Amino acid sequence: MEVEITLALGLEKYTSQNKHSLRLEVPPSSNIGDVVAILALPSTEPWLITLNGRQAFLETELSPEDSIKIFPMLAGG
Amino acid sequence: MKKILRVNMANQTIIEDRLPEEYLGLGGRALIARMLLNEIPPACEPLGRHNKLIFAPGLLGGSKVFSSGRISIGGKSPLTGGIKESNGGGTVGLKLGRLGYSAVVVEELTPPGKSFCLKITQNGAELLDASEYWGLGVYDATAKLRERFGKQIAVSCIGPAGEMRLTGAGVANTDTDGVPSRYCGRGGLGALMGSKRLKAVVIDDTGSKFIEPAKPDELTMLMKLYSQYVEESPVINSYKSYGTASMVMLNNALGGLPTRNFSEGSFEGAEKISGEKMHDIIVARKGKLAHACMPGCPMRCSNVYVDEQGEPIVAPLEYETIALMGSNLGIDDLDAIARLNYWCNDLGLDTIETGAALGVAMESGWLSFGDAEGAIKLMEEIGKGTIAGRVIAMGADTTSKVLGMVKRPVVKGQAMAGYDPRSIKGTGVTYATSPMGADHTAGATPRANIKHTSPEGQADLSKKVQNTIPIYDDLGLCMVAGAALGAHLDLVAQIVSAQLGINYNVDDLFEMTGKTLKWEVEFNRRAGFTNLDDRIPEYFCEVPCPTVNTVFDVSDQDLDGVHA
């Protein structure tokens, strides 16, 4: 299945693809953690992730055409 | 030698002394908490003669440690009636620290008809007549002071709102460019400074040097590591490009972006007021990104937001202002938000408190959501000192009471910041239980890896963050550095050891923060606060935030456990 990924706020430079937004083919019943692994985001840092506009976690399972947005874990303003 | 300066406004005597033994080893927020508990009657009138206004750099103030020059200002809050410490960036903390001061304590009240500036140099301090500055906006007053005393000075200054003793007033501090827009904004400390009729503190550190570290080679090595952690941090990388406004789209996605007086948690115009949009506008108009508010800051989260002609409107434009004066007012135009920010800065007002007050006013029907022109007209009313203007400048609590609004986005009388407590519940716990009142800087939790809409674990999370944040506030370090240093607190302890020549470890850091909070909670208890003051207002506990479809439902028992 295909999912859509957005890397917010300059995060793309920490991925192997270096793209702000991309579509990714993943096996059925993949979760967000699998996507993070494909992108090769450094595992030392926690990420804030939304799935179709709601907060989601690494273990959240994906459905076709899901939209995932990954943010750096911001501390505040 | 660490020094303390006591300034008596009643008879204009100034006494310089060694820092008393019981205050040694304390700085910034910790020193303020201890001094207020020791020295002022907790039940005193905040605007009366018994209250004291304290300026305290952190323990590392005046050193070469990166971003360690924050200035803490404190006193009994005219807004909350409780203890207050509010800290800001710029150069005031650095210069006071370089001059060797741990604290400047302003006591008693000026006789009627007079007003003063406090000038501090290497040769001591003096009170100067301020009648030519009284009544001026913050920008004009600072420009005149810099004209008279030179561009090397740092200034802490109030505007007309502080002079009128309005509880939404803060204290402005100058940055590396001499621009007075680094605010100790919260808690109405501008009103406290106004009650003393102290227009400004002018600091000229000519002839002074950085405080030398006890172990210079070690500190140099530790600073390299500090830089490396900053350089590697994706969070700080994002702040450099997008400023703290990075938070807009993230918080919008979490359903925590205050929208139309906290009616919703996401805003249809969020992209138009986002950090990404701000970045593009600043680049196109040739403003400044990655601006440093303190000399030598490696994070550089600040910016100069300019108009279409490239002229500065305001510096910096920050997340909390964008949330409270943008989405919270239904305004989706960064230029309009920047202009409102400028007005607040010039009048000497906290943008969070004022934005929240305007949100209440808009919901009441006084003006419409999205009416930026109407909001600016109200800012003009504040400048003129009309009753309508004063109501807004008293903050969200007073405004809601005057207008008969049941929905009050406040705790302990202080407005909530840019996080809806129903959507980011850990920050809701901080709003409820912090001795400071609703204050994100006392323990913001969006960074935690937790389901933010669940009530589970939020009290423990908030407790942990509330106990960590004073590390930065006590040392004078910038909270933004926490994004890089938070995972390396051993490095922070080593920096303290190398700078001060004492043997400090992570446990010592937490012992200090534990005391800070204990003293603050105790001050509030003596001032009459009970656990019933540690609650989120009824509206947020009964009406769900439609974006996340949940109310604030952390139990009273959990809230009462935070400082137990």
So the check is Cβ under 7 Å with 6+ separation or different chains; which pairs have a first residue in region B:523-537 that's in contact (Cβ under 8 Å) with a residue 12 or more places away in the chain and a second one that's aromatic (Phe, Trp, Tyr) and in a loop (DSSP other than H, G, I, E, B)?
B:ILE536/B:PHE552
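When you go through B:GLY162, B:GLY170, B:GLY256, B:GLY185 one by one, which is the residue that is touching a Pro at 6+ places or on another chain (Cβ under 9 Å), among the small types (Gly, Ala, Ser) and buried (at least 23 other Cβ atoms within 10 Å of the Cβ)?
Working: B:GLY162 fails: touching a Pro at 6+ places or on another chain (Cβ under 9 Å); B:GLY170 fails: touching a Pro at 6+ places or on another chain (Cβ under 9 Å); B:GLY185 fails: touching a Pro at 6+ places or on another chain (Cβ under 9 Å).
Of B:GLY162, B:GLY170, B:GLY256, B:GLY185, the one residue that is touching a Pro at 6+ places or on another chain (Cβ under 9 Å), among the small types (Gly, Ala, Ser) and buried (at least 23 other Cβ atoms within 10 Å of the Cβ) is B:GLY256.
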Pairs, please: C-beta under 8 Å, at least 6 apart or cross-chain, first residue at the interface with chain A (Cβ under 8 Å from one of its Cβ atoms) and under 23 Å from B:THR244 (Cβ atoms) and in region B:447-463, second surrounded by fewer than 22 Cβ atoms within 10 Å (Cβ to Cβ) and charged (D, E, K, R)?
none
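If the requirement is being modelled with pLDDT of 95 or more, surrounded by 18 or more Cβ atoms within 10 Å (Cβ to Cβ) and basic (Lys, Arg), which of these qualifies: B:LYS119, B:LYS209? Full working, then the answer.
Numbers: B:LYS209 fails: surrounded by 18 or more Cβ atoms within 10 Å (Cβ to Cβ).
One residue alone meets the criteria, B:LYS119.
Condition first: out of contact with any Gly (no Cβ under 8 Å at 6 or more places or on another chain) and within 13 Å of chain A (Cβ to nearest Cβ). Now tell me which residues in region B:479-494 satisfy that.
From region B:479-494, those out of contact with any Gly (no Cβ under 8 Å at 6 or more places or on another chain) are B:480-494; that's our starting set.
If the condition is that a residue be out of contact with any Gly (no Cβ under 8 Å at 6 or more places or on another chain) and within 13 Å of chain A (Cβ to nearest Cβ), then B:VAL480, B:ALA481, B:GLY482, B:ALA483, B:ALA484, B:LEU485, B:GLY486, B:ALA487, B:HIS488 are the ones that fit.
Checking the conditions here, which among B:ASP507, B:ASP558, B:ASP553 is assigned to a helix (DSSP H, G or I) and over 30 Å from B:GLU218 (Cα atoms)? Walk me through it before giving the result.
Working: B:ASP507 fails: over 30 Å from B:GLU218 (Cα atoms); B:ASP553 fails: assigned to a helix (DSSP H, G or I).
When all the criteria are applied, what remains is B:ASP558.
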B:SER241: passes all of (1) more than 14 Å from chain A (Cβ to nearest Cβ); (2) surrounded by fewer than 24 Cβ atoms within 10 Å (Cβ to Cβ); (3) in contact (Cβ under 8 Å) with a residue 24 or more places away in the chain; (4) assigned to a helix (DSSP H, G or I) but (1)
Flag for B:GLY275 being at positive phi and buried (at least 20 other Cβ atoms within 10 Å of the Cβ):
no
Only one of (1) at pLDDT below 95; (2) of a type in the set (Ser, Thr, Tyr); (3) in contact with a Ser or Thr (Cβ under 6 Å, 6 or more places away or on another chain) is not met by B:THR244, so which one is it?
(3)
Within region B:244-289, residues being part of a loop (DSSP other than H, G, I, E, B), within 11 Å of chain A (Cβ to nearest Cβ) and hydroxyl-bearing (Ser, Thr, Tyr) number 2
Pick from B:THR513, B:THR441: which is within 13 Å of another protein chain (Cβ to nearest Cβ), of a type in the set (S, T, N, Q), crowded, with 19+ Cβ neighbours inside 10 Å and within 20 Å of the chain's Cα centre (by Cα)?
B:THR441
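Do you know which residues across region B:453-478 are out of contact with any Gly (no Cβ under 7 Å at 6 or more places or on another chain) and either part of a helix (DSSP H, G or I) or modelled with pLDDT under 95 (or both)? Talk me through it step by step, then tell me what you get.
Going through region B:453-478, the residues out of contact with any Gly (no Cβ under 7 Å at 6 or more places or on another chain) turn out to be B:453-457, B:460, B:463-464, B:468, B:470-471.
If the condition is that a residue be out of contact with any Gly (no Cβ under 7 Å at 6 or more places or on another chain) and either part of a helix (DSSP H, G or I) or modelled with pLDDT under 95 (or both), then B:ASP460, B:LYS463, B:LYS464, B:THR468, B:PRO470, B:ILE471 are the ones that fit.
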Checking A:MET1 against (1) within 13 Å of chain B (Cβ to nearest Cβ); (2) among the aliphatic types (A, V, I, L, M); (3) in contact (Cβ under 8 Å) with a residue 60 or more places away in the chain, only one condition comes out false. Which one?
(1)
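The values are calculated or read from the model by the stated rules, or taken from the named source; none is laboratory data. Keep in mind that this is a model prediction, so the values were computed, not measured. Reconstructed Cβ throughout: ideal geometry from the backbone, glycine too, with neighbour counts over all protein chains shown.
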